[in-house]
Amino acid sequence: MIRMMFACLLVCAAVPFAPRPAASDESFPFGSDLMLDAEPMRGSKRVPIIEIEENGSATIDLWCSSAHADAIVGDDSITIVPGPPQESAACTSERADSDQSLLAALALVTKWRRQGEVIELTGPTTLRFRLMTN
């Protein structure tokens, strides 16, 4: 009986020092640049990037312009309310249309999921972003 109590005491004393699983890196990467998983448009090297801060402010660098947005991020939900894009004088109509399409798609996302370096924003359209780690 004493041996059993001693064994229980040892186990209880060791539990706080037992190794714990590593923290999951599946959390939302606030404050990090997320690059759209897409090829640059013809004649450009630019690819859209979004950055969402913990306070909900977001910046979106589009194909040729930029926009500010408000974002609410939950455990697996997300709402993005983009503001109007800042016009760029060097923007072609093709890039301006692509900017508007991307802003519209971002406004309709409702869920997010992270798998390592890939963050997917889903709604009617799934947008895949890659965490920039440079």
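Read-outs: derived from the displayed coordinates by stated rules, not from any lab. This one's a predicted model, so the numbers in the text were calculated from it and none came from an experiment. Virtual Cβ from ideal backbone geometry, glycine too; neighbours counted across all protein chains shown.
Please verify whether Ala67 is surrounded by 15 or more Cβ atoms within 10 Å (Cβ to Cβ), in contact with a helix residue (DSSP H, G or I) (Cβ under 8 Å, 6 or more places away or on another chain) and small (Gly, Ala, Ser), treating the condition exactly as stated. Even if it seems obvious, please write down each step before you answer.
Working: surrounded by 15 or more Cβ atoms within 10 Å (Cβ to Cβ): yes; in contact with a helix residue (DSSP H, G or I) (Cβ under 8 Å, 6 or more places away or on another chain): yes; small (Gly, Ala, Ser): yes.
It is true that Ala67 is surrounded by 15 or more Cβ atoms within 10 Å (Cβ to Cβ), in contact with a helix residue (DSSP H, G or I) (Cβ under 8 Å, 6 or more places away or on another chain) and small (Gly, Ala, Ser).
For (1) within 24 Å of Arg114 (Cα to Cα); (2) touching an Asp or Glu at 6+ places or on another chain (Cβ under 8 Å); (3) small (Gly, Ala, Ser), each residue gets a yes or a no:
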site: Arg46; (1), (2), (3): yes, yes, no
site: Ile50; (1), (2), (3): yes, yes, no
site: Asn55; (1), (2), (3): yes, no, no
site: Leu62; (1), (2), (3): yes, yes, no
site: Ser65; (1), (2), (3): no, yes, yes
site: Ala71; (1), (2), (3): yes, no, yes
site: Gly74; (1), (2), (3): yes, no, yes
site: Ile80; (1), (2), (3): yes, yes, no
site: Glu94; (1), (2), (3): no, no, no
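Looking only at region 82-127, filter to residues that are surrounded by 13 or more Cβ atoms within 10 Å (Cβ to Cβ) and β-branched (Val, Ile, Thr); which one of those is nearest to Arg42 (Cα to Cα)?
Filtering region 82-127 for residues that are surrounded by 13 or more Cβ atoms within 10 Å (Cβ to Cβ) and β-branched (Val, Ile, Thr), the one nearest to Arg42 (Cα to Cα) comes out as Thr92.
Which of the following residues is in contact (Cβ under 8 Å) with a residue 24 or more places away in the chain and either more than 20 Å from Glu39 (Cα to Cα) or out of contact with any strand residue (DSSP E or B) (no Cβ under 7 Å at 6 or more places or on another chain) (or both): Gln86, Gln115?
Numbers: Gln86 fails: in contact (Cβ under 8 Å) with a residue 24 or more places away in the chain.
Checking each option against the conditions leaves just Gln115.
Among the residues of region 54-67, is there at least one that is within 13 Å of Phe28 (Cα to Cα) and not in a loop (DSSP other than H, G, I, E, B)?
No; the residues of region 54-67 include none that is within 13 Å of Phe28 (Cα to Cα) and not in a loop (DSSP other than H, G, I, E, B).
Strands (runs of 3 or more DSSP E) wholly in region 93-134 with at least 1 residues that are among the aliphatic types (A, V, I, L, M) - which ones? Full working, then the answer.
Values: elements: 111-115, 118-122, 127-131.
Here the list reads 118-122, 127-131.
Enumerate the pairs (first residue in region 26-51 and at positive phi; second residue anywhere and in a loop (DSSP other than H, G, I, E, B)) with beta-carbon separation below 6 Å, excluding pairs fewer than 6 apart on the same chain, so at least 6 apart or on different chains.
What qualifies is Gly31/Glu53.
Can you name the residue in region 38-63 that is touching a Leu at 6+ places or on another chain (Cβ under 8 Å) and not aliphatic (A, V, I, L, M) and is also surrounded by the fewest Cβ atoms within 10 Å (Cβ to Cβ) among such residues?
This residue is Glu51.
Examine region 67-76 for a residue that is touching a residue at least 60 places away in the same chain (Cβ under 8 Å) and within 21 Å of Ser32 (Cβ to Cβ), and state whether such a residue exists. Give the steps one after another, and end with the answer.
Taking region 67-76 first, the residues touching a residue at least 60 places away in the same chain (Cβ under 8 Å) are none.
Taking every residue of region 67-76 in turn, none turns out to be touching a residue at least 60 places away in the same chain (Cβ under 8 Å) and within 21 Å of Ser32 (Cβ to Cβ).
Would you confirm whether any residue within region 77-85 is part of a loop (DSSP other than H, G, I, E, B) and in contact with a His (Cβ under 8 Å, 6 or more places away or on another chain)? Working first, answer last.
Narrowing region 77-85 to residues part of a loop (DSSP other than H, G, I, E, B): 83-85.
After this cut, where a residue has to be in contact with a His (Cβ under 8 Å, 6 or more places away or on another chain) as well, the list is 83.
Looking for residues that are part of a loop (DSSP other than H, G, I, E, B) and in contact with a His (Cβ under 8 Å, 6 or more places away or on another chain), one finds at least one in region 77-85, hence yes.
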